1. Using the 10 angstrom Cβ neighbour count as an exposure proxy, how do His22, His12 rank, fewest first?
2. Which whole number in µm²/s is D for the stretch 1-137 by Stokes-Einstein, with the Kirkwood Rh taken over Cα pairs at 4 °C and 1.567 mPa s?
3. Can you pull out the trypsin sites (Lys or Arg not before Pro) in the stretch 98-149 whose DSSP state is coil and whose Cβ has at most 10 other Cβ atoms within 10 Å?
4. Out of all Cα-Cα pairs in the stretch 218-339, roughly what percent, to the nearest whole number, are more than 20 Å apart?
5. Using the structure shown, list the pairs from Lys118/Lys182; Lys94/Lys182; Lys118/Lys183 with a Cα-Cα distance above 23 Å, or answer none.
6. Mind checking Rg over Rh on the chain, alpha carbons, Kirkwood formula for Rh?
7. Below 10 angstrom from the Cβ of Thr5, what's the summed charge of the other residues (Lys, Arg +1; Asp, Glu -1)?
8. For the residues His226, His204, what sequence is obtained by ranking on other C-beta atoms within 10 Å, fewest first?
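Values in this text are rule-based calculations from the coordinates and carry no lab data. Everything numeric in this text was worked out from a predicted model, so none of it was measured. No Cβ is skipped: glycine too gets one built from the backbone with ideal geometry, and neighbour counts run over all protein chains shown.
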Amino acid sequence: MKAGTYLHFLRHALQLRFDSSHLVPLSMNLHVTHRCCNRCVYCSYNREAPNLLTLEVLHRVFVEARKLGCRRVNLTGGEPLLRNDLNAIVAGAKQHGLYVSMATSGAPGVEAHLEAFKQCDQVMLSFDGPYDVRLALTGKLAADASERAVSVFEQEGISFWTTTVLTRRNVDQIDWIVDHAKKHGSQANFVLLETQDGNGLRFHPAPEDVRDLCLTDGEARAAIGHIIALKRAGAPIGSSLPYLEEWLRWPDYSRLQSVNRSSLYRECIALRATCELQADGRLDACSMAFAHTQGVSIFDAGFAAAFRRLCTKSACQSCVSSCMLESNLMFSLNPRTVWNWLERIR
Ligand code: SF4
Ligand code: SF4
């Protein structure tokens, strides 16, 4: 990341802190498609949703988002590798001066998208543990593809991080996953299943299939405590310690959002500094807002107007939604979180 981009983030983080009306989409989560070739048991995506974000639309979004202050875009899905024009999407975002990260399962194969990966600033690979665990949770295609992605990334010199969704099927594999990250020069990240929250479960097509995968309160607390111990001992874990500590002090893992304020940040700043663009053109303020707000379509008035019309008055004041919590700590300029990321991002 360039020095000017750091200064841009710092200036806006200060404005967000001292001016409650300040609104800037510093970071955008962009669902380039909702289609996916995998069948992860915990997935709630509606894979039939239309994909209206053509390359042309995306270029307009990058221009408008950049003008509004956006500097980071995370390409996600569905599965981004199903876009044949992925290379052009990444190139477009880079051309507009955006820091680009991409989240992928590696399926159906990373080989066809090496140019796109090489242009990305950060690659996040879904990786739920040893092969048999991945097979059970994500299916054969993704289980094989993630293994292949690790070796292709190594051969091609593409650095990557892993993301693990913690479930009862892999909660005893945390050490294995961290060792795997160490062996491959990667950083391991852990997130809670969104369906831990009864609200998230509402959107799952077969809630009975996933209910037994949710960690109990005691299991979640023990797992997070263990991840903190590993992080403190210097293990390659990407998330910041304040993020993990906030996770651990969370009162009830069956609710991932709360009306109470976090002790680590004064209010939800991420709501005014991030946005989430769905493949059908719906823009939301945060990744969990879809559950309780309408969102605004960028096809009604363009990205900039849609962003200004977003509802930024939320009932929740804090959450343990993975990247939203980390964003809140970053935009609150939590020193340990800022340092954690300065040490890790290029
Ligand atoms: S790879 Fe992602 S989008 Fe695809 S089924 Fe798995 S969780 Fe859902
Ligand atoms: S606290 Fe979290 S879930 Fe709630 S509005 Fe903020 S970012 Fe979204």
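1. Numbers: His22 16, His12 19.
Least to most surrounded, the residues fall as His22, His12.
2. On the way: Rh = 16.3 Å.
Once the numbers are plugged in, D ends up at 79 µm²/s.
3. Numbers: sites: Lys118, Arg134, Lys140, Arg148; in loops: none.
Within the stretch 98-149, no trypsin sites (Lys or Arg not before Pro) qualify (loop, at most 10 other Cβ atoms within 10 Å).
4. Tail fraction, whole percent: 48.
5. Values: Lys118/Lys182 21 Å; Lys94/Lys182 29 Å; Lys118/Lys183 21 Å.
As for pairs spanning more than 23 Å Cα to Cα, those are Lys94/Lys182.
6. On the way: Rg = 18.7 Å, Rh = 20.3 Å.
Taking Rg over the Kirkwood Rh, I get 0.92.
7. Details: positive: Lys2, Arg71, Arg72; negative: none.
That sum, taken over residues with Cβ under 10 Å, equals +3.
8. Values: His226 15, His204 19.
With the fewest neighbours first, His226, His204 line up as His226, His204.
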